[in-house]
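Visitor: Sharing a structure here in structure tokens format.
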There are 4 protein chains.
Amino acid sequence: MKTTKTKYELWKQKARVIIYGTNTPAGRLFDIIILFLIMLSILIVMLESVEEIDQKYHEILLISEWVITLIFTAEYILRIITIKKSWTYIFSFYGIIDLIAILPMYLSYFFTGTHVLATIRSLRLLRVFRIMKLMRFIGEASQLKTALKASRTKIAVFLYTVLIISVVIGSLMFIIEGEENGFTSIPRSIYWTIVTLTTVGYGDIAPQTELGQFIAILIMILGYGIIAVPTGIVTVEYARSKRRTRENEQTDPVVRKNMCSQCNTENHIAGARYCHHCGSPLDNTEQLF
Amino acid sequence: MKTTKTKYELWKQKARVIIYGTNTPAGRLFDIIILFLIMLSILIVMLESVEEIDQKYHEILLISEWVITLIFTAEYILRIITIKKSWTYIFSFYGIIDLIAILPMYLSYFFTGTHVLATIRSLRLLRVFRIMKLMRFIGEASQLKTALKASRTKIAVFLYTVLIISVVIGSLMFIIEGEENGFTSIPRSIYWTIVTLTTVGYGDIAPQTELGQFIAILIMILGYGIIAVPTGIVTVEYARSKRRTRENEQTDPVVRKNMCSQCNTENHIAGARYCHHCGSPLDNTEQLF
Amino acid sequence: MKTTKTKYELWKQKARVIIYGTNTPAGRLFDIIILFLIMLSILIVMLESVEEIDQKYHEILLISEWVITLIFTAEYILRIITIKKSWTYIFSFYGIIDLIAILPMYLSYFFTGTHVLATIRSLRLLRVFRIMKLMRFIGEASQLKTALKASRTKIAVFLYTVLIISVVIGSLMFIIEGEENGFTSIPRSIYWTIVTLTTVGYGDIAPQTELGQFIAILIMILGYGIIAVPTGIVTVEYARSKRRTRENEQTDPVVRKNMCSQCNTENHIAGARYCHHCGSPLDNTEQLF
Amino acid sequence: MKTTKTKYELWKQKARVIIYGTNTPAGRLFDIIILFLIMLSILIVMLESVEEIDQKYHEILLISEWVITLIFTAEYILRIITIKKSWTYIFSFYGIIDLIAILPMYLSYFFTGTHVLATIRSLRLLRVFRIMKLMRFIGEASQLKTALKASRTKIAVFLYTVLIISVVIGSLMFIIEGEENGFTSIPRSIYWTIVTLTTVGYGDIAPQTELGQFIAILIMILGYGIIAVPTGIVTVEYARSKRRTRENEQTDPVVRKNMCSQCNTENHIAGARYCHHCGSPLDNTEQLF
């Protein structure tokens, strides 16, 4: 069913293996360059936010920023044209992240004429979201994901209970301590309750009355104790998902989760070199981490 | 033994299914409306406590508050008249919560004439306990409950030990640091000890002497280490209660815990549509969460 | 081999059952009274330490204090004369605690003539150690103890590693931040490092330089992560000791750990009413908690 | 294949058993002396850093310091000459640590003539790294190591995710709170985010705006919850490595990991007195802890 590929088609396929795959030397190199550029770019955004550094090296930072943006733009365009289902990529999570990584610079360029400097500044800061491009390089850690998914409802119930406790105790503290001791409103009292319950304890607000300190002690001990609940849940679920994986490995044939970059079919047999659905060659993409 | 039902009886039964049940579209809608009203109501109480907002929007907040209170009153009356064992409901946990949710507004109305403004203010704040109405929507999480119940005595012993340690070390710190460093009394020193032991660490009181700082280090490491104890207990008990549930599921017929709203009988067989004790139709109440 | 008991001997035995035992109504009452008096006594010591309260109610507190001390003295004397091996009790852990609970009051009385007020004050504060009398009422929680004992060496290695890390990083921070930012000496820097590592975070000392803040981030993440280590150890050991106990219960005859109050023999068969070693009746002492 | 040993060779072997081994009385004594000297030395470095103490006791501290340095130098030389593969020791981890333990004093002596006092001071502080000599005395805790190794990738993914979250939220807080509330730059905002996420909570920077406090609440609850993840991972891996060790112990012959001090061969059978590779006597080195 394969069509005879034109020269362009062949180039596209080669480029796709480099851009989307990681098990060829070129693909690996491509990933490492992108990884390095993301980190450099985050560093630049951070340095820009430090006033003294920005004043001194404004020019250099700006030029580096534009170079990186142009490279990321090229990467974005390449990703679109080499993949077959372009629209699937564009509206996928990573497609949107890749767009957000380049958009702020272009927008800030067009808005320079206007006087809304604050807006431009915020826009430029959005570049920090480039760090989410890094998520592509995180391995699956699928057992952990399964465990967290299985824990979801229980942890939701737990957080829900914590929230109810926080609202009730926060309101109590608002009545007991009052405005003169920094508990100026119920939302602020709830903020303090959560600061205490999670054992963060900034100390920007602290109870002054004897009764307030006594209730604070109860909240602290409660917070200190109930941290055992999510920990217990995640541990048990993780142990279970791990045991299941082991059991599955002993009975099922090993199956790879690699997605075919042509037809998005998943679950190929280990060692498979061609997609079992559309017959195009698989990248045998492995995760960097 | 069933009596031929009058029209009123039929209406009551229908209303009961809507109010107490959650597996009919109308019942589900009723729950969602109540849920929304509770949250709105909590928001109003919070906003009222922020002075600037209260001064601006006092009228709107007050009117919304009365509307919500009236709806909750209607809900309370409906719950009483539709259920057969009204008194059981009235003196049940949720019955009392439902009453507390509406009482403060009426009381604050009657006390307006007097000059005890502080009392009225506190009264009105009691409305925040409405959040406990939300507990009705929390699922059972029965394994977790079993685990926490099984851990109870051990965690009590743990907390008891923590308390003894806190009193002893708190008194020691009172002697070592003394009033000039903020340790003005033994209760205050114990407060500081628990702030440190639970790793909250406000920093409103901090040891200044070398010996005090050395003991502080010991408390911190102790607190950092012994958090492992409740965590270990809950994890092990939870794993155990989970394993038991699984074993039971394999041998026992599946049993639903739904309470019959007529005779309060529990433990109906899965899929049961009539109470096996009094024959009235079951709501097949499922939990929202 | 039993001697015919005199009237005094019989009274002693009865008193012993009440004082040392907990499974007769009188014994239980005795324990509850002592428990109440300990807590009252701790409360008095605490209230005395609050200056305003002490100035107002000095007389009442002092008289209550003397009454309680006299009761504890009577208890101490009774414990000595009713038990057969008096010296074993006197030099046992609880014997010393019982003595420390009464000594400070008598000593402070004899020292009143002298001018060393500070010493007297400290002496009187020692009464707070009475709280350790409460330890008698803590149940065995033997599985937890077994788990903690089994974890001992591993947790020691863990703490030892934490200490080495703290000294190294503390010294580094002393060089980086220096005296001008509050890191006035290495011990103080180590104090700060442990405050950070254990996630207490008072904020009385905080890094000001960029490098210092960067290292602080590393310490925090380290501290946040390595708390998993003692938790993991205790959880696994506790699960193991629990499993073992269950296995033992299925094979071994159930054995009571009750100590014979006459000959200190332990490990009596469940339900045993007489000591298998000396033949004297057992109190079948059960724990209050 | 053994050569007839000269007197010097025999002395060397004896010395080696004392210096490297711990199961002879002399070897044990040697270890305890070194342990004591390390701790004394760390204490001296700490005391020197406290200005008041340094001014009073400068002479005594300096002399003690030199005495200890000379003893450590002797130990270092003995370690080199008694072992057969001297260069292996010199470039081993402990070899380098032993050198670093003595070098700073000699260097500071030679640099005294120059005016770079700050450098000398830093140099002298490097002596604190002597504490790493203590690592020689830490037992293997091999199951824990195995567990931590097995958890490595998962914990790396976890930390990586935490980092991404911190950068994104840190940047958001920089926009929301701004310079006027202490969030002066993105790196500083990230520092605050990690202080909050790890529940350290110094309170040197705290959100002032309502939105900022709301986001702070989310971070705290997130941090409070996700601590369950590393804990779960380590617990499960530790339980697994422990189970495996137990299973291995039942099937494999017990094998000692003692390294032969002559040829560095490991894994000798329990109770072996001669190296199975080179035939030289084994020290049967056991760990102090």
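Visitor: Count, please, the residues in segment B:15-27 that happen to be part of a helix (DSSP H, G or I), in contact (Cβ under 8 Å) with a residue 24 or more places away in the chain and touching a Gly at 6+ places or on another chain (Cβ under 7 Å).
Guide: So the first thing to find is which residues in segment B:15-27 are part of a helix (DSSP H, G or I), and the list is B:15-20, B:25-27.
Next, from what is left, pick out any that are in contact (Cβ under 8 Å) with a residue 24 or more places away in the chain: B:15-17, B:19-20, B:27.
Then drop every residue that is not touching a Gly at 6+ places or on another chain (Cβ under 7 Å), which leaves B:17, B:27.
Number satisfying all stated conditions: 2.
Visitor: Looking at D:214, D:137, which one is surrounded by fewer than 19 Cβ atoms within 10 Å (Cβ to Cβ), touching a Phe, Trp or Tyr at 6+ places or on another chain (Cβ under 9 Å), among the hydrophobic types (A, V, I, L, M, F, W, C) and over 30 Å from residue A:121 (Cβ atoms)?
Guide: Working: D:214 fails: over 30 Å from residue A:121 (Cβ atoms).
Checking each option against the conditions leaves just D:137.
Visitor: Take residue A:91 and tell me if it is out of contact with any Phe, Trp or Tyr (no Cβ under 9 Å at 6 or more places or on another chain), at pLDDT below 90 and in the same structural domain as residue A:16 (by TED's automatic domain parsing).
Guide: Details: out of contact with any Phe, Trp or Tyr (no Cβ under 9 Å at 6 or more places or on another chain): yes; at pLDDT below 90: no; in the same structural domain as residue A:16 (by TED's automatic domain parsing): yes.
No, not satisfied.
Visitor: Return yes when residue A:40 is assigned by TED's automatic domain parsing to the domain that holds residue A:107, more than 29 Å from residue D:184 (Cα to Cα) and modelled with pLDDT of 90 or more and no when it is not.
Guide: Working: assigned by TED's automatic domain parsing to the domain that holds residue A:107: yes; more than 29 Å from residue D:184 (Cα to Cα): no; modelled with pLDDT of 90 or more: yes.
Taking the combined requirement at face value, the residue does not satisfy it.
Visitor: Please tell me if residue A:86 is within 20 Å of residue D:168 (Cβ to Cβ) and either small (Gly, Ala, Ser) or modelled with pLDDT of 90 or more (or both).
Guide: Answer is no for this residue.
Visitor: Please verify whether segment B:234-247 includes one or more residues that are buried (at least 22 other Cβ atoms within 10 Å of the Cβ) and under 25 Å from residue C:203 (Cβ atoms). Steps first, answer last, please.
Guide: Within segment B:234-247, the first condition is being buried (at least 22 other Cβ atoms within 10 Å of the Cβ), and the residues that meet it are B:234-238.
Among the residues that remain, those that are also under 25 Å from residue C:203 (Cβ atoms) are: none.
No, that holds for no residue.
Visitor: Would you confirm, using the coordinates I've provided, whether residue D:4 is at pLDDT below 85 and open to solvent by 100 Å² or more (accessible area, probe 1.4 Å)? Reasoning before the result, please.
Guide: Values: at pLDDT below 85: yes; open to solvent by 100 Å² or more (accessible area, probe 1.4 Å): yes.
Criteria met by residue D:4.
Visitor: I'd like to verify a number: residues in segment C:58-77 that are at pLDDT below 90 and of a type in the set (Phe, Trp, Tyr), how many?
Guide: Residues flagged as at pLDDT below 90 and of a type in the set (Phe, Trp, Tyr) within segment C:58-77 amount to 0.
Visitor: Tell me, which residue of segment A:222-232 that is surrounded by 24 or more Cβ atoms within 10 Å (Cβ to Cβ), more than 23 Å from the chain's Cα centre (by Cα) and not small (Gly, Ala, Ser) is nearest to residue A:144 (Cα to Cα)? Steps first, answer last, please.
Guide: Going residue by residue through segment A:222-232, those that are surrounded by 24 or more Cβ atoms within 10 Å (Cβ to Cβ) are A:223, A:227-232.
Right, trim to more than 23 Å from the chain's Cα centre (by Cα) and you get A:223, A:227-229, A:232.
Narrowing the set further to residues that are not small (Gly, Ala, Ser) leaves A:227, A:229.
Numbers: A:227: 19, A:229: 17 Å.
Among residues in segment A:222-232 that are surrounded by 24 or more Cβ atoms within 10 Å (Cβ to Cβ), more than 23 Å from the chain's Cα centre (by Cα) and not small (Gly, Ala, Ser), the one nearest to residue A:144 (Cα to Cα) is A:229.
Visitor: Let me ask something else. Name the pairs whose Cβ atoms lie under 8 Å apart, with the first residue in segment B:203-227 and free of Cβ contacts under 8 Å to residues at least 12 places away in the same chain and facing chain C (nearest Cβ under 9 Å), the second open to solvent by less than 40 Å² (accessible area, probe 1.4 Å) and of a type in the set (Val, Ile, Thr), and 6 or more positions between them or separate chains?
Guide: So the pair list comes out as B:217/C:190; B:217/C:194; B:221/C:162; B:221/C:194; B:221/C:198.
Visitor: Name the residue that is most open to solvent (accessible area, probe 1.4 Å), counting only residues in segment B:141-154 that are under 16 Å from the mean Cα position of the chain (by Cα) and within 9 Å of chain A (Cβ to nearest Cβ). Talk me through it step by step, then tell me what you get.
Guide: Step one: list which residues in segment B:141-154 are under 16 Å from the mean Cα position of the chain (by Cα), which gives B:141-142, B:144-145, B:148.
Now drop any that are not within 9 Å of chain A (Cβ to nearest Cβ), which leaves B:141, B:144, B:148.
Values: B:141: 32, B:144: 19, B:148: 72 Å².
So, considering only residues that are under 16 Å from the mean Cα position of the chain (by Cα) and within 9 Å of chain A (Cβ to nearest Cβ), the one most open to solvent (accessible area, probe 1.4 Å) is B:148.
Visitor: To continue, here is another question. Please determine whether any residue of segment D:50-64 is part of a helix (DSSP H, G or I), touching a residue at least 40 places away in the same chain (Cβ under 8 Å) and over 14 Å from residue D:132 (Cβ atoms).
Guide: no
Visitor: Going through segment C:155-185 one residue at a time, which ones are open to solvent by less than 20 Å² (accessible area, probe 1.4 Å), in a loop (DSSP other than H, G, I, E, B) and either in contact (Cβ under 8 Å) with a residue 40 or more places away in the chain or more than 8 Å from chain D (Cβ to nearest Cβ) (or both)?
Guide: Within segment C:155-185, C:178, C:183 meet the criteria.
Visitor: Does residue A:65 qualify as being open to solvent by 30 Å² or more (accessible area, probe 1.4 Å), over 20 Å from the mean Cα position of the chain (by Cα) and within 29 Å of residue D:170 (Cβ to Cβ)?
Guide: Values: open to solvent by 30 Å² or more (accessible area, probe 1.4 Å): no; over 20 Å from the mean Cα position of the chain (by Cα): yes; within 29 Å of residue D:170 (Cβ to Cβ): yes.
Answer is no for this residue.
Visitor: Looking at A:163, A:144, A:123, A:148, which is the one that is at pLDDT below 90, of a type in the set (A, V, I, L, M) and in the same structural domain as residue A:46 (by TED's automatic domain parsing)?
Guide: Working: A:163 fails: in the same structural domain as residue A:46 (by TED's automatic domain parsing); A:144 fails: in the same structural domain as residue A:46 (by TED's automatic domain parsing); A:148 fails: in the same structural domain as residue A:46 (by TED's automatic domain parsing).
On inspection, the qualifying residue turns out to be A:123.
Visitor: Quickly run through segment B:186-204 and pick out the residues that are more than 23 Å from residue B:226 (Cα to Cα) and open to solvent by less than 10 Å² (accessible area, probe 1.4 Å). Spell out the reasoning first.
Guide: Quick first cut of segment B:186-204, residues more than 23 Å from residue B:226 (Cα to Cα) only: B:186, B:204.
Within segment B:186-204, just B:186 meets the criteria.
Visitor: Within segment D:143-154, can you find the residues that are touching a residue at least 40 places away in the same chain (Cβ under 8 Å) and either within 25 Å of residue D:216 (Cα to Cα) or among the polar types (S, T, N, Q) (or both)?
Guide: Hits for segment D:143-154 are D:143, D:146, D:151.
Visitor: From the residues in segment D:44-59 that are open to solvent by less than 90 Å² (accessible area, probe 1.4 Å) and of a type outside the set (D, E, K, R), which one is farthest from the other protein chains (Cβ to nearest Cβ)? Can you show your working first?
Guide: The first filter runs over segment D:44-59 and keeps only residues open to solvent by less than 90 Å² (accessible area, probe 1.4 Å), leaving D:44-50, D:53-54, D:58.
Then keep just the ones that are of a type outside the set (D, E, K, R); that gives D:44-47, D:49-50, D:53, D:58.
Details: D:44: 11, D:45: 7, D:46: 5, D:47: 8, D:49: 4, D:50: 4, D:53: 9, D:58: 15 Å.
So the residue we want is D:58.
Visitor: Still on this model: Among the numbered conditions (1) within 23 Å of the chain's Cα centre (by Cα); (2) in a helix (DSSP H, G or I), tell me where residue D:12 comes up short.
Guide: (1) is the only condition that residue D:12 fails.
The values are calculated or read from the model by the stated rules, or taken from the named source; none is laboratory data. Everything numeric here is computed off the predicted structure, so don't read it as measured data. No Cβ is skipped: glycine too gets one built from the backbone with ideal geometry, and neighbour counts run over all protein chains shown. What goes into the accessible areas is simple: the full protein's heavy atoms, side chains included, and nothing from ligands, DNA or RNA. Shrake-Rupley method; radii C 1.70, N 1.55, O 1.52, S 1.80 Å.
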